[in-house]
């Protein structure tokens, strides 16, 4: 979803090759943060750290 919303090429869902797609893949996009659940749930402190 993050790639589809941020892709600069706008082909189908996402291109996977533009700067935005590559930054998302590398975890370096300034507008995209990945939150992984701590156990079964996402903890409130994980959201506060965003």
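The values are calculated or read from the model by the stated rules, or taken from the named source; none is laboratory data. The structure presented is a predicted model; accordingly, all values stated were derived computationally and were not measured. We place every Cβ from the backbone using ideal geometry, glycine too, and count neighbours over all the protein chains shown.
Before moving on, here are some points about what is shown:
- Among the conditions (1) modelled with pLDDT of 90 or more; (2) touching a helix residue (DSSP H, G or I) at 6+ places or on another chain (Cβ under 6 Å), residue 8 misses just one, which is (1).
- Applying the criterion of at least 3 residues that are surrounded by 11 or more Cβ atoms within 10 Å (Cβ to Cβ) to the helices (runs of 4 or more DSSP H) found wholly in the chain leaves 2-6, 19-26.
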